[in-house]
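The values are calculated or read from the model by the stated rules, or taken from the named source; none is laboratory data. These numbers come from a predicted model, not from an experiment. Cβ placement follows ideal geometry from the backbone for every residue including glycine, while neighbour counts extend to all protein chains displayed.
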Amino acid sequence: MLNTNATNFRKNLFKYLDLAIDFNNVINVSTKKGNVVILSEEDYKGLMETLYLTSIPGMKEKLNEGLDAKIEDCVEFKW
């Protein structure tokens with residue numbers, strides 16, 4: 001996570017946006033009222049998808065089972 005203040009963020013806006021998009025950096029911008037976190041749309045969508053999937057009863061356990069599965073136990077799925 002990159003940390004900066006609002007003044008520096010404003011001066012280097014496009015540099016910070018490129019870092020978020022190109023390198024998936026998360027930027028924490030501090031202001032007098034509080035902090036703001038900047039992340040790419042791709043990261044945001046991934047976060048929202050993860051929150052959705054883990055909100056489905058039993059899905060978190062199924063995902064963990066999949067992570068623990070051995071590759072030789074998997075079956076190739078043809079579309």
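When LEU17 is evaluated against the numbered criteria (1) surrounded by fewer than 11 Cβ atoms within 10 Å (Cβ to Cβ); (2) assigned to a helix (DSSP H, G or I), which criterion, by number, is the only one it fails?
Only one criterion in (1) surrounded by fewer than 11 Cβ atoms within 10 Å (Cβ to Cβ); (2) assigned to a helix (DSSP H, G or I) is unmet by LEU17, namely (1).
Name the pairs whose Cβ atoms lie under 7 Å apart, with the first residue in region 1-20 and farther than 18 Å from GLU42 by Cα and assigned by TED's automatic domain parsing to the domain that holds GLY34, the second hydroxyl-bearing (Ser, Thr, Tyr) and loosely packed, with under 14 Cβ neighbours inside 10 Å, and 6 or more positions between them or separate chains?
ALA6/THR31
Restrict the check to region 49-61 and report whether at least one residue is over 16 Å from the mean Cα position of the chain (by Cα), loosely packed, with under 11 Cβ neighbours inside 10 Å, of a type in the set (Val, Ile, Thr) and assigned to a loop (DSSP other than H, G, I, E, B).
yes
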